[in-house]
Amino acid sequence: MDFKYQAAYLASRAAASAFGAEVSPEAMLEYIETPPTPDMGDFALPCFKLSRVLRKAPNMIADSLKAAIDSPLFSRVESVSGYLNFYVNRAAYAENVLKTALEQGENYGSDTVGGGKTVVIDYSSINIAKRFHIGHLSTTMIGSALYRIYGFLGYKCVGVNHLGDWGTQFGKMIAAYKRWGDEETVRRGGVDEMVKLYVRFNTEAKNDPALEDEGRAWFKKIEDGDEEALKIFRWFKEVTLKDAEKVYDMLGVKFDSYAGESFYIDKMQPVIDELTEKGLLVEDAGARIVKLDEWNMPPAIILRSDGATLYMTRDLAAIKYRHETYNFDKNLYVVAYQQDLHFKQLFKVCELLGWDWAKGCEHVNFGMVSFGGQSLSTREGRIVYLEDLLTQAIEKAEGIIAEKSPELENRSAVARQIGIGAVIFFALFNGRIKDIDFTWDKALNFDGETGPYVMYTHARLCSVLRKAGEAAAAPDFKALDDPESQAVLRLIDEFPQTVKLAAQKNEPSYVTRFSCELAKAVNRFYYEHRILDDDASATAARLMLTRAARQTIKTALSLIGLDAPEKM
Ligand code: ARG
């Protein structure tokens, strides 16, 4: 229950009965403040704001309103120097929060605000014939978390992996494959083998200019739909996706569409025509561009001087396609901030085209990931592959469990949940625009602000509940009057709002941090109070609190893509 709104409602009714005045609850809500210290109440209405309407002195107004209010939701209402102070009835608050959370169960925090609306989310969007490395962790996990969060709020979500599967490099790769590769090796070596071929091409092309021609010729063949070229190209794609799929499985990530850049090859011409018709396309040294200097941006290049299309051209076709296919309310691009300019240009061109619907598009950008203080560089070989990182995380988690709880059944399954969960939690803990540095200690520590810490707290609550069994008496909510219980209650109460805010700002970190705050509050509560008390009614209330906290932690973790094992 929204106690602040209840206070506003009571004040509004009191104004009507004491003064015959009409001040709506919404207007009262605008005036109500949170007092600087708790001894001044949970909410306060500064009555001088009503003086003009009621034509009385603030302290008189406060006195009269107080006299007209009588509600079980507030233990006290006081008139103090022109302020009307409301003291929430903590037992009523506890009862209300816990009953709401437990009645709604797994759905607590969900909503129907997204009903009938569609969100397209472009995330992960890997490049063919390149390895999946830790630089892709953020886009993959932020996107996937947003997918879950929006879904929880009732939106229909469309997850798109906008594959980087078009460009001259694929001609070069085929040329290299034809010269030095063979099917068996690539099949066995996967993406690594393709990368090797590509590197060799670039090295040898320096001394052998004929290679570049070969590469161009093969790309032309792909473009012209040559059967052999297409067959090899599609196979490269398959091999890359099979590799990526392993990682997606580990991370629990899914997509509804793999329509990548090559999907738009035959969909660009109508956009180019529209740009031309609307007089937006100008020639510049043989290239076709849309000028954006009026908005302090370099031009958007639509066609190169050799007639080739670009990343931008394909994104324009894609945005139009998504609008026509999904009629989205929002179309999100979860892509690193290095592409800020690209998306600004893209959205500006849409605006110039008069595509009003493009207002629903947003670049959900994020910072860089480094590993142990070192930036990741392909060129210098400092690359951490995601699959290796996850495998190592699982191994390390296994080591920790072997030490902490050697008795645990299905240890390897739990280690997998903890190891992978630690990595995901780490990726989603900070505001997304921050650069982050991954270290094992920061991710896997059981005591810090980590995934394992929150998961462990959840498992501990499960264990308390298992031992306690059914409550033996009706709950006495007055037993939850203390600051530690109230802190847990307040967090549980705030959960639905947190989920909505996370969607509004496209910030899964709100949910990640929330889960951590709740875990901390629960541990403080657990440290200060005996759950299994001599007083059976107090026990019953604390068990309800424990159950609601456990459930809320589990839901929060699931929204960011973490499992919550019941035993650890
Ligand atoms: N493949 C691109 C890259 O790795 C990201 C694509 C993002 N999506 C888009 N529609 N541009 O940089």
Checklist entry - Which is farthest toward the positive dipole end of the chain among Val53, Leu303, Ala336, measuring Cα position about the Cα centre, with Cβ charges +1 (Lys, Arg) and -1 (Asp, Glu)? => result Val53
Checklist outcome for this item: Restricting to lysines and to Cα separations under 22 Å from Lys396, and discarding same-chain partners fewer than 8 apart, the set is Lys246, Lys404, Lys442, Lys567
Checklist outcome for this item: Of 331-344, 48-61, ordering from highest average Cβ density within 10 Å down gives 331-344, 48-61
Next on the checklist: Using 19 Å as the Cα-Cα cut-off, could you pick out the over-long pairs in Lys221/Lys320; Lys434/Lys554; Lys267/Lys320?
Outcome noted: Lys221/Lys320; Lys434/Lys554
Item to check | Prolate/oblate/rounded call for the chain, Cα gyration tensor, a/c under 1.5 rounded | outcome: oblate
Checklist entry - For Asp70, what is the net charge nearby, where nearby means another residue's Cβ is under 12 Å from its Cβ and Lys, Arg count +1, Asp, Glu -1? => result +3
Checklist outcome for this item: At the level of C-alpha centres, the distance separating the range 414-430 and the range 74-109, in angstrom, is 35
Item to check | Nearest 10 degrees, 0 to 90: helix 191-205 Cα axis against the chain principal axis | outcome: 50
Checklist outcome for this item: Taking Cα atoms only, helix 210-224 is inclined relative to the longest principal axis of the chain by an angle, in degrees rounded to 10, of 60
Item to check | Dipole in debye (nearest 20) - the range 1-72, about Cα centre, beta carbon charges: Lys, Arg +1; Asp, Glu -1 | outcome: 340
Next on the checklist: With +1 assigned to the C-beta of every Lys and Arg and -1 to the C-beta of every Asp and Glu, and no other charges, what is the dipole magnitude of the chain about the Cα centre in debye, to the nearest 20?
Outcome noted: 460
Checklist outcome for this item: Taking Cα atoms only, helix 536-559 is inclined relative to the longest principal axis of the chain by an angle, in degrees rounded to 10, of 20
Checklist entry - In what sequence, highest mean first, do 283-296, 115-128, 468-481 appear when ranked by Cβ atoms within 10 angstrom? => result 115-128, 468-481, 283-296
Checklist outcome for this item: Correct semi-axes for the range 1-142, from √(5λ) of the alpha-carbon gyration tensor and rounded to whole Å with the largest first, are 46, 18, 16
Checklist entry - Mind ordering 530-538, 268-276 by average Cβ neighbours within 10 Å, highest first? => result 268-276, 530-538
Next on the checklist: Could you tell me how far the Cα centroid of the range 462-477 sits from the Cα centroid of the range 1-62, in Å?
Outcome noted: 40
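Values in this text are rule-based calculations from the coordinates and carry no lab data. As the structure is a prediction and not an experimental result, all values here were calculated from the model. When we count neighbours, we look across all protein chains shown, and the Cβ atoms used for this are built from the backbone with ideal geometry, even at glycine.
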